[in-house]
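K.L.:
Structure incoming, see below.
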Amino acid sequence: MNLPVKRYLALLVTYLKPQWGKTLFMGALLLVNVGLQLLGPQIVRVFIDTIIARGSSATLALYALLLVGVTLVDESVSVATTYLSESVAWTATNQMRTDLVAHCLSLDMGFHKARTAGEMIERIDGDVDALSNFFSQFVLFLLSNVILMVGVLIAVYVADWRAGLVLTVFSLITLLILLRLRRYANPLWVSYRQLVATFYGFLGEHLAATEDMRANEATGYIMRRFYQLLRPLLRGNRRARMATSLSSATTLTIFVLGSALMMGLGAYLWSIGAITLGTVYLFWSYTDLLSQPIQQIRNQLQDLQQAEACIQRIEQLFSTQSAIQESEQSIEPPSGPLTVAFHNVTFGYNAGEPVLHEVSFDIAPGKVLGILGRTGSGKTTLARLLFRLYDTQQGEVYLGGSPVNALALRGLRQRVGIVTQDVQLFNAPVRDNLTFFNRAIDDAQLLQVIDAVGLSAWYQTLPAGLDSMLGADGQGLSAGEAQLLAFARVFLKDPGLVIFDEASSRLDPATERRIERAVSSILANRTGIVIAHRLATIQRADDILILEGGRICEYGPREALAADPHSRFSHLLQVGLEEVRA
Ligand code: ATP
Ligand code: MG
């Protein structure tokens with residue numbers, strides 16, 4: 001028990017310290033709230049006793065006004081506390097979300113590939129959301145409720161010790177029963193939440209693939225899975241809700257029984273002349289008041305249980321270290337075109353299943369290497385290693401003369417440009433899509449680059465120029481235009497090595513020509529790796545490397561290979577590149 005308390009405290013301190021003033025003020029308001037709640041029944045009690053003693057109406061009016069005043073202040077304090085607790089909770093949880101997002105962005109691709117988008121949303125938003133109560137309320141509310149409960153009991157003891165004793169025993173037994181009741185409902189909610197997470201994971205994945213799904217007529221299957229996932233959702237929710245409402249019905253019954261008990265006891269004590277009628281009211285009123293702290297204490301303890309699971313998951317996420325660590329040397333890559341070298345590189349996404357086997361090659365600065373190979377032969381994987389999205393298992397990748405894992409990550413990624421097979425576009429203005437939200441780049445430069453990649457004609461059609469919005473996933477853009485936009489991004493980055501991982505989709509000849517022209521201008525005075533699916537692209541390579549099953553099966557100068565009638569390359573040139581793609 002010692003350990004979790006320490007961890008909770010650490011979390012609370014981290015995220016509440018910046019707002020300690022607000023938090024303390026909230027604590028003070030809660031105490032005022034408790035005091036006023038205890039005061040109300042006392043005023044009514046005196047009011048009743050004054051009536052019975054035939055006191056003056058002026059005194060009665062005074063008590064009535066006092067009660068109204070106390071209630072008004074109490075309600076205002078409640079409103080202020082709610083406002084403060086929400087504000088404290090949101091500030092704390094938003095900071096936590098920000099920290100988690102920043103941390104996840106620093107994690108390696110292996111981590112992200114292993115998780116669906118839905119799962120990440122649930123990890124970052126769902127878990128943190130469940131913690132908001134923990135931040136805003138847990139310590140203070142638990143404390144104030146305990147104080148309220150103890151206050152009520154003491155007040156009743158002061159009025160009559162027998163009643164105090166009975167109410168204490170009643171409270172303890174009720175708290176125990178309620179905690180036990182929650183134990184039934186709780187696991188049902190946990191499993192319901194899991195079902196929801198699975199459902200969202202499914203939705204996220206398939207919404208992203210709507211186009212393919214429709215094109216391939218997979219909608220029938222998707223709808224069936226949808227129903228399959230939806231049905232247990234209903235069942236799970238119904239069961240959890242039933243358990244919760246049964247538990248609240250039981251709670252209500254217990255408190256009604258408690259009130260009856262205290263009324264009976266009060267009536268008896270009054271009949272023997274031990275207490276006044278006002279005190280009988282006080283007992284009833286305090287028993288009623290007690291239901292609130294007892295239920296809230298129960299809720300807080302239950303929230304803590306839920307929070308524990310979330311806190312564990314969040315801590316786990318925070319402690320996940322990126323497999324790609326910044327090197328201590330942090331060498332900055334040189335400027336100008338970069339040399340590239342692979343020395344006996346073996347790599348696999350999963351240990352023991354290599355995708356690349358002992359791959360070695362060199363590219364001199366400013367030269368272009370064309371890579372060919374069947375689908376799945378490891379071409380994209382090779383590019384990812386250069387970008388250091390993964391680390392090799394054996395051998396070394398060199399860039400600009402230094403091993404990539406000795407280079408500063410930022411510098412490395414700045415000096416290597418990549419155009420991937422599927423271009424990611426954001427639902428944002430054209431400007432941000434080009435600059436990746438870097439506002440330091442001015443419009444004149446953007447227009448120049450748009451012109452350089454041959455997108456001027458497309459740009460003229462935009463309704464609001466650089467401020468025109470692009471749809472997510474490149475809605476409204478053809479595959480060729482999306483590629484050209486990606487080229488423009490590379491231009492802006494001005495890297496020393498460019499990797500083109502060509503999309504295998506077919507483009508119309510006019511677009512192909514535009515792309516070829518853009519590739520040529522990007523490659524001028526840069527080292528290039530062209531993973532080619534088109535003959536025209538491969539023609540500009542100085543060297544050719546053919547991969548097969550992750551191994552190099554042919555590597556040499558393009559012209560020599562083309563001239564050698566026995567080479568794979570010359571064969572490919574004759575039959576066309578269709579064969580490599582198959
Ligand atoms: P294509 O021409 O279709 O683009 P490729 O040559 O680029 O193919 P890679 O994407 O490098 O092929 O994939 C090589 C192998 O690695 C394939 O068997 C693939 O299934 C596997 N692979 C690719 N990405 C991952 C990943 N993130 N996790 C596990 N395995 C992967
Ligand atoms: Mg690929």
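The values are calculated or read from the model by the stated rules, or taken from the named source; none is laboratory data. Remember, predicted model here, so these are calculated numbers, not experimental data. Counting neighbours? That spans all protein chains shown, and the Cβs are built from the backbone with ideal geometry, glycine included. Ligands, DNA and RNA are excluded from the accessible area calculation, which covers all protein heavy atoms including side chains. Shrake-Rupley method; radii C 1.70, N 1.55, O 1.52, S 1.80 Å.
K.L.:
Does Met213 satisfy being open to solvent by less than 60 Å² (accessible area, probe 1.4 Å), of a type outside the set (Phe, Trp, Tyr) and under 30 Å from Phe283 (Cα atoms)?
P.N.:
Here the answer is no, as Met213 does not meet what is asked.
K.L.:
Output yes when any residue across the range 68-81 is exposed (fewer than 14 other Cβ atoms within 10 Å of the Cβ) and either farther than 30 Å from Val158 by Cα or of a type in the set (Asp, Glu) (or both), and no when none is.
P.N.:
yes
K.L.:
I would also like to ask the following. Among the residues of the range 144-198 satisfying the criterion of being aromatic (Phe, Trp, Tyr) and closer than 29 Å to Gly126 by Cα, which is most open to solvent (accessible area, probe 1.4 Å)?
P.N.:
Going through the qualifying residues, I end up with Tyr184.
K.L.:
Please specify each residue of the range 415-434 satisfying the condition of being over 22 Å from Pro337 (Cα atoms) and not in a loop (DSSP other than H, G, I, E, B).
P.N.:
Pro429, Val430, Arg431, Asp432, Asn433, Leu434
K.L.:
Mind checking which residues of the range 369-386 are open to solvent by 10 Å² or more (accessible area, probe 1.4 Å) and more than 6 Å from ligand 1 (Cβ to nearest atom)?
P.N.:
Arg374, Arg384
K.L.:
Filter the range 495-508 down to the residues that are over 22 Å from Gly376 (Cα atoms) and modelled with pLDDT of 85 or more, then identify the one that is nearest to ligand 2 (Cβ to nearest atom).
P.N.:
Among those that are over 22 Å from Gly376 (Cα atoms) and modelled with pLDDT of 85 or more, it is Leu497.
K.L.:
Test each condition in (1) more than 16 Å from ligand 2 (Cβ to nearest atom); (2) open to solvent by less than 70 Å² (accessible area, probe 1.4 Å); (3) over 30 Å from Ala159 (Cα atoms) for Asn350 and report the one that comes out false.
P.N.:
For Asn350, the failing item is (2).
K.L.:
I need the full set of residues from the range 325-340 which are crowded, with 18+ Cβ neighbours inside 10 Å and aliphatic (A, V, I, L, M), in order please.
P.N.:
Listed by number, the residues that qualify are Leu338, Val340.
K.L.:
Here's a follow-up. What helices (runs of 4 or more DSSP H) lie completely within the range 478-582 and have 1 or more residues being under 30 Å from Gly411 (Cα atoms) and hydroxyl-bearing (Ser, Thr, Tyr)?
P.N.:
509-523, 535-538
K.L.:
Among the residues of the range 353-368, write down those that are within 13 Å of ligand 2 (Cβ to nearest atom) and either open to solvent by less than 20 Å² (accessible area, probe 1.4 Å) or not hydrophobic (A, V, I, L, M, F, W, C) (or both).
P.N.:
Selection gives Leu356 alone.
K.L.:
What pairs come out if I take residues in the range 235-263 that are closer than 20 Å to Asn299 by Cα and pair them with residues that are open to solvent by 80 Å² or more (accessible area, probe 1.4 Å) whose C-beta lies under 6 Å away, six or more apart or interchain?
P.N.:
Ala243/Tyr184
K.L.:
Looking at Gln414, is it open to solvent by 40 Å² or more (accessible area, probe 1.4 Å), more than 30 Å from Ser570 (Cβ to Cβ) and more than 16 Å from ligand 2 (Cβ to nearest atom)?
P.N.:
yes
K.L.:
What number of residues within the range 302-345 satisfy the criterion of being among the charged types (D, E, K, R) and closer than 20 Å to Arg413 by Cα?
P.N.:
Result for the range 302-345: 3.
K.L.:
Whether any residue in the range 98-106 is within 16 Å of ligand 1 (Cβ to nearest atom), more than 22 Å from Ser144 (Cα to Cα) and not in a helix (DSSP H, G or I) is what I want to check.
P.N.:
No; the residues of the range 98-106 include none that is within 16 Å of ligand 1 (Cβ to nearest atom), more than 22 Å from Ser144 (Cα to Cα) and not in a helix (DSSP H, G or I).
K.L.:
How about the range 393-403: which of its residues are open to solvent by less than 40 Å² (accessible area, probe 1.4 Å) and either within 16 Å of ligand 2 (Cβ to nearest atom) or touching a helix residue (DSSP H, G or I) at 6+ places or on another chain (Cβ under 8 Å) (or both)?
P.N.:
Of everything in the range 393-403, those that are open to solvent by less than 40 Å² (accessible area, probe 1.4 Å) and either within 16 Å of ligand 2 (Cβ to nearest atom) or touching a helix residue (DSSP H, G or I) at 6+ places or on another chain (Cβ under 8 Å) (or both) turn out to be Val397, Leu399, Gly400.
K.L.:
Please verify whether Pro429 is surrounded by 15 or more Cβ atoms within 10 Å (Cβ to Cβ) and more than 16 Å from ligand 1 (Cβ to nearest atom), treating the condition exactly as stated.
P.N.:
Spelling it out, Pro429 is indeed surrounded by 15 or more Cβ atoms within 10 Å (Cβ to Cβ) and more than 16 Å from ligand 1 (Cβ to nearest atom).
K.L.:
Let me ask you something else. For the range 509-525, does any single residue satisfy the condition of being open to solvent by 60 Å² or more (accessible area, probe 1.4 Å) and modelled with pLDDT under 80?
P.N.:
Yes.
K.L.:
Regarding the range 537-547, can at least one residue be identified that is open to solvent by 20 Å² or more (accessible area, probe 1.4 Å), modelled with pLDDT of 85 or more and of a type outside the set (Ser, Thr, Tyr)?
P.N.:
Yes: one or more hits.
K.L.:
What pairs come out if I take residues in the range 418-429 that are more than 16 Å from ligand 2 (Cβ to nearest atom) and pair them with residues that are open to solvent by 50 Å² or more (accessible area, probe 1.4 Å) whose C-beta lies under 6 Å away, six or more apart or interchain?
P.N.:
Pro429/Asp467; Pro429/Met469
K.L.:
Across the range 275-305, which residue is farthest from the chain's Cα centre (by Cα) among those that are open to solvent by less than 50 Å² (accessible area, probe 1.4 Å) and more than 23 Å from Leu179 (Cβ to Cβ)?
P.N.:
Ile275
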